[in-house]
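Chemist: Quick one: structure below, then a few questions.
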Amino acid sequence: MKVIDSIVAQAAGMAAIRRDIHAHPELSFQERRTADLVAARLTEWGIPIHRGLGGTGVVGIIQQGASKRAIGLRADMDALPLQESNTFAHTSRHDGKMHACGHDGHTAMLLAAAQHLAQHRHFDGTVYLIFQPAEEGGAGANEMIKDGLFEKFPMEAVFGMHNWPGMKAGTFALSPGPVMASSNEFKITIRGKGGHAAMPHNAVDPVLVACQMVQAFQTIISRNIKPIDAGVISVTMIHAGHASNVIADSCELQGTVRTFTLEVLDQIEARMREVAQHTCAAFGARCEFEFERNYPPTINAEQEVAFARRVMADIVGEANVLKQEPTMGAEDFAYMLLAKPGAYAFIGNGDGVHREMGHGGGPCTLHNPSYDFNDELIPLGASYWVKLAEAWLAPR
């Protein structure tokens, strides 16, 4: 494994920064302490910064030579509204908030890369270091873009990376095309007619309508969508009634839809609306249908993937650069890839054995109260960022 020696030498200090961020988690658009820490470190290393994009975003600018070429490297900073069950020294100091997705580690890896790039500058052009807020549901990437990220900092391509539990430490995964799904939410309110549960003929039972609707939604996946196209419809909440002997007059369904393409998403939304409206009509009920599109699918560009894979292979060997298995999870880096070519990679976080004694008894998986980022990844991830930037901006 060809990690950069100077980054390895600073690894303990970067791990301490990562653990400090882990101990002080901040939710979406509240990352003021984290942003202050990032800004202070970048300034200490002589890196000019710009603050305020997306509210709490930080952009570092490292320029070298006369070339106008530029590359963007992105890390997310926010935590999750989750109670941590770990008991190690750097566990969360704030009840109900936790770095359970590794954004603390993502920030530390990009900081380690920033320190090396500022000190050595073996490139010709500009490296933009994008420290983004609010990935966890806040669409912070889109907010930074709306605030002028790509106008203020013109770059040819942008790259992101996420740790992946269960994937062997020392490996990367990267593939072209869709790698993470779109994320969408729906809310359906069925308006029936309430009545006595012993006299259902005098009522229009919205719960019965809801049961028919939930089952009918699954036929959209099995009978309307091409078998080779991926899609998920999950009804995750049904709320109705307050007493066992009363037929409620309304019932609310909520859930999520995931797809890898906007074409499939358009088809699912249209069919769900038709099924909901006609099912209600068939039972004499009324329907209120709401569908909110959140994150688009994350789609990697072919040329940028090929370039990044070559850099990875040089570091860990071709056998340790894996095919990226698409996941129905969502990621707001998708917004950046809609605006610029680029690639979103996974870096193996291991199987959880890196956690110290006293961690919670659960698995080390994303969004789990027993999760912790693997600090052994910091030199590897930082070396990838550095070598990617240097290769992209190599003098021509």
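The values are calculated or read from the model by the stated rules, or taken from the named source; none is laboratory data. Just so we're clear, the structure is a prediction, and the values are computed from it rather than from any experiment. Reconstructed Cβ throughout: ideal geometry from the backbone, glycine too, with neighbour counts over all protein chains shown.
Chemist: Specify the residue that is nearest to G13 (Cα to Cα); the eligible residues are those in the range 25-64 that are β-branched (V, I, T) and buried (at least 19 other Cβ atoms within 10 Å of the Cβ).
Modeler: Filtering the range 25-64 for residues that are β-branched (V, I, T) and buried (at least 19 other Cβ atoms within 10 Å of the Cβ), the one nearest to G13 (Cα to Cα) comes out as V38.
Chemist: Tell me, please, whether a residue that is in the same structural domain as F373 (by TED's automatic domain parsing) and out of contact with any Phe, Trp or Tyr (no Cβ under 9 Å at 6 or more places or on another chain) can be found in the range 100-121.
Modeler: Yes.
Chemist: Provide a single number: the residues in the range 78-97 that are without any contact (Cβ under 8 Å) to a residue 60 or more places away in the chain and either crowded, with 19+ Cβ neighbours inside 10 Å or of a type in the set (V, I, T) (or both).
Modeler: Adding up the residues that qualify gives 1.
Chemist: Confirm whether A70 is touching a Ser or Thr at 6+ places or on another chain (Cβ under 6 Å), modelled with pLDDT of 95 or more and in the same structural domain as L42 (by TED's automatic domain parsing).
Modeler: Yes: the conditions hold for A70.
Chemist: For the range 52-79, which positions are touching a Gly at 6+ places or on another chain (Cβ under 6 Å) and either in a strand (DSSP E or B) or of a type in the set (S, T, N, Q) (or both)?
Modeler: S67, A70, R74
Chemist: Find the residue count for the range 318-349, including only residues that are buried (at least 23 other Cβ atoms within 10 Å of the Cβ), over 21 Å from G72 (Cα atoms) and within 11 Å of the chain's Cα centre (by Cα).
Modeler: Going through the range 318-349 one residue at a time, the tally reaches 0.
Chemist: Pick out the one residue from V179, V209, V158 that is at pLDDT 95 or above, crowded, with 20+ Cβ neighbours inside 10 Å and over 20 Å from the mean Cα position of the chain (by Cα).
Modeler: V209 is the lone residue from the list that is at pLDDT 95 or above, crowded, with 20+ Cβ neighbours inside 10 Å and over 20 Å from the mean Cα position of the chain (by Cα).
Chemist: Is there any pair linking a residue in the range 332-357 that is assigned by TED's automatic domain parsing to the domain that holds N374 to one that is basic (K, R) and modelled with pLDDT of 95 or more, with Cβ under 7 Å and at least six apart or on different chains, and which?
Modeler: Hits for this filter: F333/R74; M336/R74; G348/K168; G350/K168.
Chemist: Related question: Return the total of residues in the range 83-114 being of a type outside the set (A, V, I, L, M) and within 18 Å of G348 (Cα to Cα).
Modeler: Of the residues in the range 83-114, 8 are of a type outside the set (A, V, I, L, M) and within 18 Å of G348 (Cα to Cα).
Chemist: Among the residues of the range 349-368, are any outside any loop (DSSP other than H, G, I, E, B) and either closer than 18 Å to A112 by Cβ or at pLDDT 95 or above (or both)?
Modeler: Looking for residues that are outside any loop (DSSP other than H, G, I, E, B) and either closer than 18 Å to A112 by Cβ or at pLDDT 95 or above (or both), one finds none in the range 349-368, hence no.
Chemist: Ok, one more. If I ask for residues that are of a type in the set (S, T, Y) and not in a loop (DSSP other than H, G, I, E, B), which ones from the range 166-205 would you list?
Modeler: T189, the sole residue that qualifies.
Chemist: Could you count how many residues in the range 270-304 are in a helix (DSSP H, G or I) and either buried (at least 18 other Cβ atoms within 10 Å of the Cβ) or in contact with an Asp or Glu (Cβ under 9 Å, 6 or more places away or on another chain) (or both)?
Modeler: Here the count works out to 7.
Chemist: Could you list, in sequence order, all residues of the range 241-269 that are part of a loop (DSSP other than H, G, I, E, B) and closer than 20 Å to T189 by Cα? Give the steps one after another, and end with the answer.
Modeler: Taking the range 241-269 first, the residues part of a loop (DSSP other than H, G, I, E, B) are 241-245, 248-249, 260-261.
Hits for the range 241-269 are G241, H242, A243, A248, D249.
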